[in-house]
Amino acid sequence: MAEQGKSTDEKIDAVREGYESTLSWRVTRPLRSISDAARRLRGRETEIPWAEVMVEEKVEPDWTSWLDTFFGEELERIDAACAETPPEEAWQLFRGLGDDLWAVLLTREYDLYPNIKALLPGAPEPGLQWMWNGATGLELLGQSKNFYARVRELNERHGRAPLDQARILDFGCGWGRLTRFFARDAMPDRLFGCDPTPEILEVCAETGVPGELRQTGFLPERLPFENLDLAFSFSVFTHISEAAHEACLKAIHAALAPGGLAVITVRPPAYLDHDPLMEAARAELSDDFASREMKEPRFIFVPHPVEDGHPQYDEGEMTYGDTVISLPYIEENWTGLFEIVETGFLTGDMYQVPIALKKR
Ligand SMILES: C[S@@+](CC[C@H](N)C(=O)[O-])C[C@H]1O[C@@H](n2cnc3c(N)ncnc32)[C@H](O)[C@@H]1O
């Protein structure tokens with residue numbers, strides 16, 4: 001039969017051709033143009049055990065028909081206005097839209113509205129998203145939108161300025177996943193981001209993340225920003241050492257205006273059972289750690305192995321890994337600088353607990 005007559009190379013080619021013609025490959029192919037900075041980060045994966053990941057080829061929706069069917073007229077109007085509005089002002093055109101629609105527009109995974117797509121930033125390829133956030137596509141989109149919505153709510157309840165007048169910082173911004181959500185609220189000259197990893201800031205620049213993005217230290221003494229109304233930090237204090245967390249907290253505090261709001265996520269006690277990397281730390285605790293020990297002030301940090309290629313390894317002591325902080329620790333150690341105004345959780349990711357803090 002024809003199959004038996006084929007050489008190994010021909011068989012492999014046939015499999016590849018079949019695969020490339022699947023919807024999944026076609027849908028994700030536009031994301032495959034990996035920037036140099038992203039390639040350098042991804043190239044390190046093999047050296048970093050925690051980052052050994054398989055990114056499944058998922059079929060993510062092409063949102064064209066959803067957008068056209070339900071919001072066509074409104075989006076055509078915004079698209080036309082985008083063409084005539086200077087980019088720094090065009091972001092405001094999206095202010096009245098619901099959060100879910102805004103999240104879908106930010107994917108740029110649709111074939112309509114060229115002027116909207118020209119304004120909005122691109123996303124790095126799924127492998128890098130996975131490496132940075134442990135999720136991709138629709139799952140990650142939902143998590144991002146939920147956190148954005150929560151910060152907006154918290155700012156309404158406890159903030160010192162409405163978002164459209166606020167100076168906003170994304171602390172540990174990564175590839176600007178969350179920064180971009182706030183770009184319709186804060187004009188680009190009031191939107192800031194920082195991260196100590198230069199390559200990920202290059203990815204931000206290459207994909208066109210709006211706002212002023214700056215590199216800061218792993219143990220920052222000061223931030224290059226001041227008079228902020230709002231600072232948020234998602235999945236950063238869940239990863240840093242006690243010394244780094246102390247430096248970061250003080251630096252955020254100093255950059256906020258009096259009464260400014262910080263929203264910082266931490267890992268809850270249950271994370272100790274969830275992540276195999278926490279096994280050693282978990283073994284040192286009693287069985288009822290969640291109900292008893294985590295009611296004590298505790299800061300549990302398990303550093304990643306020191307590797308020269310690790311994107312968050314600078315030199316000296318490793319400040320990056322996995323971190324669980326108990327609420328009593330926060331009450332004991334953070335309340336000299338901040339008042340805890342609200343805690344809660346996010347059903348989209350129960351291992352990121354947002355703590356809202358007001359600068360004293
Ligand atoms: C898990 S990623 C989350 C990125 C982004 N906040 C998001 O949610 O998409 C953690 C980020 O924290 C940054 N980071 C690591 N150590 C930091 C430190 N000491 N200060 C600020 N950011 C830090 C990393 O470079 C990385 O971009």
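Some values worked out for this structure:
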{"read-out": "Selection from the range 311-328 of residues that are within 14 Å of the ligand (Cβ to nearest atom), modelled with pLDDT of 95 or more and open to solvent by 20 Å² or more (accessible area, probe 1.4 Å)", "value": "320"}
{"read-out": "Residue 182 in contact with a Phe, Trp or Tyr (Cβ under 6 Å, 6 or more places away or on another chain) and either among the aromatic types (Phe, Trp, Tyr) or at pLDDT below 95 (or both)", "value": "no"}
{"read-out": "Conditions (1) touching a Cys at 6+ places or on another chain (Cβ under 9 Å); (2) without any contact (Cβ under 8 Å) to a residue 40 or more places away in the chain; (3) β-branched (Val, Ile, Thr); number of the one not met by residue 78", "value": "(1)"}
{"read-out": "Answer from 172, 176 - the residue that is without any contact (Cβ under 8 Å) to a residue 60 or more places away in the chain, assigned by TED's automatic domain parsing to the domain that holds residue 355 and within 11 Å of the ligand (Cβ to nearest atom)", "value": "176"}
{"read-out": "Near pairs, Cβ below 7 angstrom, 6+ apart or cross-chain, from the range 238-251 (within 18 Å of residue 327 (Cα to Cα) and among the hydroxyl-bearing types (Ser, Thr, Tyr)) to any residue that is within 9 Å of the ligand (Cβ to nearest atom) and open to solvent by less than 30 Å² (accessible area, probe 1.4 Å)", "value": "238/265; 238/352; 241/319"}
{"read-out": "Residue count, the range 91-127 (criterion: within 16 Å of the ligand (Cβ to nearest atom), of a type in the set (Asp, Glu) and modelled with pLDDT of 95 or more)", "value": "0"}
{"read-out": "Any hit, the range 309-320, residues being of a type in the set (Gly, Ala, Ser) and part of a loop (DSSP other than H, G, I, E, B)", "value": "yes"}
{"read-out": "Any hit, the range 128-145, residues being more than 15 Å from the ligand (Cβ to nearest atom), under 18 Å from the mean Cα position of the chain (by Cα) and not basic (Lys, Arg)", "value": "yes"}
{"read-out": "Test result for residue 135, at pLDDT below 95, open to solvent by less than 20 Å² (accessible area, probe 1.4 Å) and aliphatic (A, V, I, L, M)", "value": "yes"}
{"read-out": "Qualifying position, being open to solvent by 30 Å² or more (accessible area, probe 1.4 Å) and touching a helix residue (DSSP H, G or I) at 6+ places or on another chain (Cβ under 9 Å), among 121, 126", "value": "126"}
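Yes or no, residue by residue, for (1) in contact with a helix residue (DSSP H, G or I) (Cβ under 9 Å, 6 or more places away or on another chain); (2) away from the ligand (no atom under 13 Å from the Cβ); (3) polar (S, T, N, Q):
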residue: 226; (1), (2), (3): yes, yes, no
residue: 231; (1), (2), (3): yes, no, no
residue: 234; (1), (2), (3): yes, no, no
residue: 242; (1), (2), (3): no, no, no
residue: 251; (1), (2), (3): no, no, no
residue: 264; (1), (2), (3): yes, no, no
residue: 285; (1), (2), (3): yes, yes, no
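The values are calculated or read from the model by the stated rules, or taken from the named source; none is laboratory data. Note that the coordinates shown come from a computational prediction; the quantities given were computed from them, not determined experimentally. Note that we place each Cβ from the backbone using ideal geometry, even for glycine, and neighbour counts take in every protein chain shown. We work out accessible area using only protein heavy atoms, side chains counted, and drop any ligands, DNA or RNA first. Shrake-Rupley method; radii C 1.70, N 1.55, O 1.52, S 1.80 Å.
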